[in-house]
Amino acid sequence: GDVLLAEARVALDALEAAGRRARRAAEGPKLVLAVKADGDAGLLEPILARYASEPDAVPVAVRLCGWQEQPRLLRAGEADVALVHAPFDGTGLDTETLAAEPRVAVLAVDHPLAARDRLELADLGLDAGSVERHIDEARRGHDDLAQVLTAVSLGKVVTLLPASVTARYPRPGVVYRPVPEAPPVVLALAWPERSRSTATAALVRVAAEVAEAARNGA
């Protein structure tokens, strides 16, 4: 009975999601791409620019969302594809890894560790297994990256962020320091595993090509 109940819930959720996608499809061809603001490693704009020239391309609506909200939007039929950082719940989803970038520590400018050129996880009281939990705790109570950085500048929190953030968010009250031993931030493209959309397939292919070009410095 427990197994049947769990399976029935999955089936009902999938049916509701299919209904939402059908209603969106009736409005005309369009892809909804879910992404957390500044959670694209700088790949969103080049992906969209290159995708626009694809024969199977359709208009793309970018849906900005909260931390780790993308998988839920995909499973609910509210988005067709998403850029999301691992780890995440990939139930019912197919994924393509796009990038793995180093992490940096983010500290208040007057923090004792800010005087160092680079840090180790032990300096932050962390090890590789506790990094994700630490990041989740630092995000708690904050709606977006701007709020997290404000909390850092006030000395309320120290956290780890993708290195790509440093160029986009220079702040006088915050310093970024490399942490070479920290696990990298993995960015993936995700979409419903039952998707048969040629438009989605084209976007996945383009995203992989753009990410590879970025890794090669093209």
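Out of the residues in segment 156-174 that are open to solvent by 60 Å² or more (accessible area, probe 1.4 Å) and either in contact (Cβ under 8 Å) with a residue 24 or more places away in the chain or assigned to a helix (DSSP H, G or I) (or both), state the one that is farthest from A41 (Cα to Cα).
P172
I'm checking my understanding of the structure. Among residues of segment 169-218 that are touching a Gly at 6+ places or on another chain (Cβ under 8 Å) and at pLDDT 95 or above, which one is farthest from G129 (Cα to Cα)?
By that ranking, first place goes to A190.
Are any of the residues in segment 191-207 in contact (Cβ under 8 Å) with a residue 24 or more places away in the chain, open to solvent by less than 50 Å² (accessible area, probe 1.4 Å) and assigned to a strand (DSSP E or B)?
Looking for residues that are in contact (Cβ under 8 Å) with a residue 24 or more places away in the chain, open to solvent by less than 50 Å² (accessible area, probe 1.4 Å) and assigned to a strand (DSSP E or B), one finds at least one in segment 191-207, hence yes.
Pairs needed: first member in segment 127-144, under 19 Å from A37 (Cα atoms) and touching a residue at least 60 places away in the same chain (Cβ under 8 Å); second member anywhere, open to solvent by 60 Å² or more (accessible area, probe 1.4 Å) and aromatic (F, W, Y); C-beta distance under 6 Å; at least 6 residues apart or different chains.
That search, which allows pairs on different chains as well, returns R139/W67.
The values are calculated or read from the model by the stated rules, or taken from the named source; none is laboratory data. Nothing here was measured: the structure is a model prediction, and the numbers come from that model. Don't worry about glycine lacking a Cβ; one is built from the backbone with ideal geometry, like all the others, and counts go over all protein chains shown. With ligands, DNA and RNA removed, areas are computed over all heavy atoms of the protein, side chains included. Shrake-Rupley method; radii C 1.70, N 1.55, O 1.52, S 1.80 Å.
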